[in-house]
Amino acid sequence: MDTNPQPMISQDDKVYAAISYLWILSLFPLLMKRDRPFVQFHAKQGFLLFLFEVLVSVVGMIPVLGWIVGFVGWIVAVVLSVLGILAALSGRGWQMPVVSEYTKKLNF
């Protein structure tokens, strides 16, 4: 499901939106570009993805089962990050599975 939260998207907004999917850097566009709906859309998804990655890192410290869950979690996180970056750079508002439902509840 592709949505486009803002009709005219500048190249600057696309770059900030793409940065949103690079772990802790999601905070920069989230806090600095509050007046840009396209950037906020991606920044919220990137921030929740970052929180997921932190959780996966913590679970990954548990021997054996945690290592497996951590490895699979990191693969999922990297794939979602790449897909998010590609969508942001192309100017699309791609909704991540599961994550996008929680972003609607975030109010920063």
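For the pair Val54 and Glu101, how long in nm is the line joining their label points, each one 7 Å along Cα→Cβ?
2.3
Solvent-accessible area per residue for the chain at a 1.4 Å probe radius, Å²?
Accessible area per residue: 59 Å².
Between Leu65 and Val15, what length in nm is gained on full extension when 0.36 nm per residue of separation is reduced by their alpha carbon distance?
Gain in length upon complete extension: 14.3 nm.
Taking all protein chains in place and a 1.4 Å probe, what share, in percent, of the accessible surface of region 1-72 do carbon and sulfur account for?
Solvent-exposed carbon and sulfur of region 1-72 make up 77 percent of the total.
Non-local amide H neighbours of Trp94 (under 5 Å, H modeled in plane, Pro and chain starts lacking H): which ones?
Correct list: Thr3.
Out of every Cα pair in region 51-108, what percent are spaced more than 15 Å from each other?
For region 51-108, the share of Cα pairs beyond 15 Å comes to 59 percent.
Name the most mobile residue of Gly73, Gly91, Gly46, meaning the one with the largest mean-square fluctuation, in a Gaussian network model of the chain with Cα contacts below 10 Å.
Answer for the Gaussian network model of the chain: Gly73.
Against the longest alpha carbon principal axis of the chain, how many degrees, from 0 to 90 and to the nearest 10, is the axis of helix 65-89 turned?
Helix 65-89 sits at roughly 10 degrees to that axis.
Using a 1.4 angstrom probe and counting only protein chains, how large is the accessible area of Ser81 in Å², to 10?
Spelled out: Ser81, probe radius 1.4 Å, area about 10 Å².
Where nothing but the Cβ of Lys and Arg (+1) and of Asp and Glu (-1) is charged, how large is the charge dipole of the chain around its Cα centre, in debye to the nearest 20?
180
Past the 20 angstrom mark, what percentage of all C-alpha to C-alpha distances in the chain do you count?
Result: 36 percent of Cα pairs exceed 20 Å.
Have a look at Phe50, Phe38, Phe71 and tell me which one the Gaussian network model of the chain (Cα, springs below 10 Å) gives the largest fluctuation.
For the chain, modelled as a Gaussian network with Cα springs under 10 Å, the answer is Phe71.
The values are calculated or read from the model by the stated rules, or taken from the named source; none is laboratory data. Everything quoted here is computed from the prediction, not taken from an experiment. Here the Cβ is made from the backbone with ideal geometry for all residues, glycine too, and neighbour counts use every protein chain on show. Calculation scope for accessible area: heavy atoms of the full protein, side chains included, ligands and nucleic acids excluded. Shrake-Rupley method; radii C 1.70, N 1.55, O 1.52, S 1.80 Å.
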